[in-house]
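Step one of this worksheet: look at the structure below.
The values are calculated or read from the model by the stated rules, or taken from the named source; none is laboratory data. Just so we're clear, the structure is a prediction, and the values are computed from it rather than from any experiment. As a convention, Cβ positions derive from the backbone with ideal geometry for all residues, glycine included, and neighbour counts pool all protein chains shown.
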Amino acid sequence: MPHLLDWHLLDDATWRRCLTAAVAHYRAGKTWTEAARGKSIALIFFNPSLRTRTSMELAAVQLGAHATTITPGSGTWGFAWGEGVMDGDEAEHIREAVGVLSRYYDALGVRLFASGTDYEQDRTDALLHTFARHAGVPVVNLESAFYHPCQALADAATLATRFDGDVRGRRFVLTWAYHPKALPMAVPNSALLAAARLGMHVTVARPAGFELDEGVMETARAYAAAHGTAVEETDDPDAAYDGAEVIYAKAWGGRLRYTDPDAEAALRASHRGWRVTAERMARTRDGVFMHCLPVRRGVVVDDAVLDGPQAIHLLQAEFRLHAQKAILEHLWGLPHPRLEVFGPAFVLD
Ligand code: CP
């Protein structure tokens, strides 16, 4: 089953094919085809979304397919996940829901954020894998507890385009930012893995207590090593910008949230100064600013950066649509567009 639960579960050839296809779709512009005519996908959002929902709906329609968005418990029954007697509020078990939808649709998408209370469940993406186990059709992860592969593909395609394919060895900084909420780690994990798999030289800048999962770091280090680059860490919010070519900002909660949420909140609040400012961006080497969105202005990043020439977050968001098309083609085994058709091919070595 060609699920897309995360890219690290798929081989390099598949990752590269989808990445190239995302860029090809970008170069093709707003095209409408019949490539996926007769196909359908159900998109199940247990959590809110603007970009992922609309870009996947539109990508399906632009390929000639049909998409249905489902918000469990709002217009459908609430879905139960656990074992045993269903004597709670939920009327339908995920097994039946996924089983039924698999008989209607040709693919399923699911967004299912981190619990924030059970680290082992979150780091293994246990609920996502349960969902996929009950599915009879390919499943795409629309952001799970630990990974956001749709965002990762769009990010990688944005970077490849920005540097015209010449991404290897460029300096990519993933910087933690303060946020009033302990946000999940899916986006930073996926951004880190995407940059490392592109062969960029990666620095993860974060205060002590906000380290990313060691297993994810290890995978990222292996990707970088295969390209002769490296993944480094720093707790200096200023020095990380020196010589950077990409600043990718993201807020995420510390591991302490799983055991002592109040202490995590206090620690996070003590690092309010971790914000992307124009002064910090001036330390970069003509660096671009990226963020997956939504972003809190004046909290994560200053207006001067978001509204300035270094920001490419809207291009990054645009790439979500092109990446979704590449992902749907992967799920359904459809041919990808060829990059050469749209202009000079770039090198992704
Ligand atoms: N970046 C992203 O996934 O945006 P949404 O949460 O709006 O889908």
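Anything in region 122-145 that is farther than 19 Å from ASN189 by Cβ and either in a strand (DSSP E or B) or of a type in the set (Asp, Glu) (or both)? List them, or say none.
Within region 122-145, none qualify.
Which of the residues belonging to region 249-270 are farther than 17 Å from ALA145 by Cβ and in contact with a strand residue (DSSP E or B) (Cβ under 8 Å, 6 or more places away or on another chain)?
Listed by number, the list holds a single entry, ALA249.
What about ARG280, is it at pLDDT 95 or above and either part of a helix (DSSP H, G or I) or under 16 Å from the mean Cα position of the chain (by Cα) (or both)?
In short, yes.
Can you tell me which residue within region 146-169, out of those that are assigned to a loop (DSSP other than H, G, I, E, B) and of a type outside the set (A, V, I, L, M, F, W, C), is nearest to LEU127 (Cα to Cα)?
TYR147
Can you tell me which condition GLY165 does not meet? The list is (1) in the same structural domain as PRO261 (by TED's automatic domain parsing); (2) of a type in the set (Gly, Ala, Ser); (3) within 28 Å of ALA251 (Cβ to Cβ), and all the others hold.
Unmet condition: (3).
Tally the residues that are buried (at least 17 other Cβ atoms within 10 Å of the Cβ) and part of a loop (DSSP other than H, G, I, E, B), restricting the search to region 289-305.
5
Of the conditions (1) within 26 Å of THR52 (Cβ to Cβ); (2) over 21 Å from the mean Cα position of the chain (by Cα), LEU314 fails just one. Which one is it?
(2)
In the set LYS30, LYS39, which member is away from the ligand (no atom under 16 Å from the Cβ) and touching an Asp or Glu at 6+ places or on another chain (Cβ under 6 Å)?
So the residue among LYS30, LYS39 that is away from the ligand (no atom under 16 Å from the Cβ) and touching an Asp or Glu at 6+ places or on another chain (Cβ under 6 Å) is LYS39.
Considering only region 74-81, I want to know if a residue exists there that is polar (S, T, N, Q), more than 16 Å from the ligand (Cβ to nearest atom) and in contact with a strand residue (DSSP E or B) (Cβ under 7 Å, 6 or more places away or on another chain).
Scanning region 74-81, I find at least one residue that is polar (S, T, N, Q), more than 16 Å from the ligand (Cβ to nearest atom) and in contact with a strand residue (DSSP E or B) (Cβ under 7 Å, 6 or more places away or on another chain), so the answer is yes.
Please identify the pairs in which a residue from region 143-157 that is at positive phi and of a type outside the set (S, T, N, Q) has its Cβ atom under 8 Å from the Cβ atom of a residue that is part of a loop (DSSP other than H, G, I, E, B) and within 11 Å of the ligand (Cβ to nearest atom), counting only partners at least 6 apart or on another chain.
GLU143/ASN47; GLU143/SER49; GLU143/PHE113
Against the conditions (1) surrounded by fewer than 20 Cβ atoms within 10 Å (Cβ to Cβ); (2) out of contact with any His (no Cβ under 8 Å at 6 or more places or on another chain); (3) among the hydrophobic types (A, V, I, L, M, F, W, C), where does PHE146 fall short? Just the number, please.
Tallying (1) surrounded by fewer than 20 Cβ atoms within 10 Å (Cβ to Cβ); (2) out of contact with any His (no Cβ under 8 Å at 6 or more places or on another chain); (3) among the hydrophobic types (A, V, I, L, M, F, W, C), PHE146 fails exactly one: (1).
Does at least one position in region 157-171 carry a residue that is within 16 Å of the ligand (Cβ to nearest atom) and in contact with a His (Cβ under 8 Å, 6 or more places away or on another chain)?
yes
Pick out the one residue from GLU233, GLU264 that is surrounded by 17 or more Cβ atoms within 10 Å (Cβ to Cβ) and of a type in the set (Asp, Glu).
Exactly one of GLU233, GLU264 is surrounded by 17 or more Cβ atoms within 10 Å (Cβ to Cβ) and of a type in the set (Asp, Glu), namely GLU264.
Of everything in region 90-121 that's assigned to a loop (DSSP other than H, G, I, E, B) and touching an Asp or Glu at 6+ places or on another chain (Cβ under 9 Å), which residue is surrounded by the most Cβ atoms within 10 Å (Cβ to Cβ)?
ALA114
Just to be sure I understand, how many residues within region 53-93 are among the aliphatic types (A, V, I, L, M) and under 24 Å from the mean Cα position of the chain (by Cα)?
Counting residues in region 53-93 that are among the aliphatic types (A, V, I, L, M) and under 24 Å from the mean Cα position of the chain (by Cα) gives 9.
Quick check on my filter: what residues within region 44-70 are within 13 Å of the ligand (Cβ to nearest atom), not in a helix (DSSP H, G or I) and not aromatic (Phe, Trp, Tyr)?
Scanning region 44-70 gives ASN47, PRO48, SER49, LEU50, THR69.
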